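What follows is one structure encoded as structure tokens, with my remarks underneath.
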Amino acid sequence: MAKTDAQNWDNYWQGRASTATGNALIEVGIEDNHDLNRFWLEHLESQPKQTQIIDLACGAGSVLKHALKLGLPNLTGVDISSNALRSLTNNISHASAICAPVKDTGLNNQTYDLAVSQFGIEYAGSREDLLQTFQEMHRILKPGGDIIVVAHIKDGVVYEGCIDSLSQIELIEESQFIPVSKKILQTLYKEPSPTRDSQLQTLMGALNQSASPISNWLRGLDRSKNVFARFTYHLLESSHKLITHHSAFSKADSLEWLEGMQLELDAYKGRMTSMTRAALDQDDLAALMQSLASKDIGLNFSPHEKMFFANRQKPAAWVIKATKNL
Ligand SMILES: C[S@@+](CC[C@H](N)C(=O)[O-])C[C@H]1O[C@@H](n2cnc3c(N)ncnc32)[C@H](O)[C@@H]1O
């Protein structure tokens, strides 16, 4: 994995450090998801108390929190981001936190009874990296140990949420809202003059034009359910305040705030893009199973299934299960 990917995740988790659950899907409008919660509770409740559980690409522990609730004490999380692991241990103080790539955890052979991952291992990098991650899970599992993976599915509801977000980001980028706001602020702080006033008039016209499609898009949305709509609303409202009350703020602070919003937008775009790239289709899974079968490492896969969220026709995720031979 490229170093920048690890850094991007670290920045992401640094920004999320204050959130309690760190649920992976909040960004595509799916908060604490009932179907995922039920899935994990059902799969974890039958585990014996001494089960050693490892969550790969665990984030802040949205799977391990279910194990905790069920009173399972032996919990380990692996993630590439040390900030994610900080959130994990804030949520579950006794969990072991390992900062490593999932394809090469550095953990001992045959240590765990159950390896789980939720929207995690498919971020490992290339399809070859994903293959290596399954080999790694096999290595660290005890004989008879189980793998349960919930992975992004191409063209499913989460994938479509990401594609929607990407088109909304494009709308903001194309509108030039942030660069025009920046120019207005730079002009506002200049000495008053007829030239400055006429520049401002032109720029304000351009700003109204660029804000109009964004406001139209926002109008139809329930902001309580859409994180990106909340971000965009904040961008519009606060930029408006910075411009209309510019004398109350310093030029440096105002410009820094706008630059910060641009960075957030770029980071959000990066995450949405990596989610869409991580999503697996039927052919990806068939190729993965074939490669693993050819290596004959001794993992027995159940036929993979699709997970559906309530009231949604398209699937939300793949469910991939395997057991290590005895
Ligand atoms: C979409 S989040 C999911 C987090 C968590 N499983 C959840 O469901 O909330 C993906 C996670 O994968 C981690 N990650 C990405 N690439 C990784 C890699 N190569 N090795 C380990 N963790 C990785 C990220 O830091 C992030 O925490």
Worksheet item: Can you give the accessible area of E237 in Å² (nearest 10), computed on protein heavy atoms with a 1.4 Å probe?
Response: 80
Practice prompt. Can you check how the C-alpha radius of gyration of the range 158-275 compares to 2.2 N^0.38 Å, as a plain ratio?
Written response: 1.14
Worksheet item: Just the accessible area for R86, please: 1.4 Å probe, Å², rounded to the nearest 10?
Response: 130
Practice prompt. Please give the solvent-accessible surface of I54 in Å², to the nearest 10, using a probe radius of 1.4 Å with every protein chain present.
Written response: 0
Discussion item. Taking a cut-off of 25 Å, what percent of all Cα-Cα pairs in the chain are separated by more than that?
Written reply: 56
Worksheet entry | Too-long pairs where the Cα-Cα distance tops 20 Å, listed order kept, from K103/K321; K69/K154; K49/K306 | K69/K154; K49/K306
Practice prompt. Name the residue, out of A286, A60, A115, whose mean-square fluctuation peaks in a Gaussian network model built on the chain with Cα pairs under 10 Å.
Written response: A286
Worksheet item: For the chain, what is the accessible area per residue in Å² when the probe is 1.4 Å?
Response: 49
Discussion item. Quick check on packing: order 191-199, 67-75 by the mean number of other C-beta atoms within 10 Å, highest mean leading.
Written reply: 67-75, 191-199
Worksheet item: What percentage of the solvent-accessible surface of the range 158-275, computed with a 1.4 Å probe over protein heavy atoms, is contributed by carbon and sulfur atoms?
Response: 53
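The values are calculated or read from the model by the stated rules, or taken from the named source; none is laboratory data. None of the values given here were measured: they were computed from a predicted structure. Neighbour counts are summed over all protein chains in view; Cβ atoms, including those assigned to glycine, are modelled from backbone coordinates with ideal geometry. Only protein heavy atoms, including side chains, enter the accessible area calculation; ligands, DNA and RNA are left aside. Shrake-Rupley method; radii C 1.70, N 1.55, O 1.52, S 1.80 Å.
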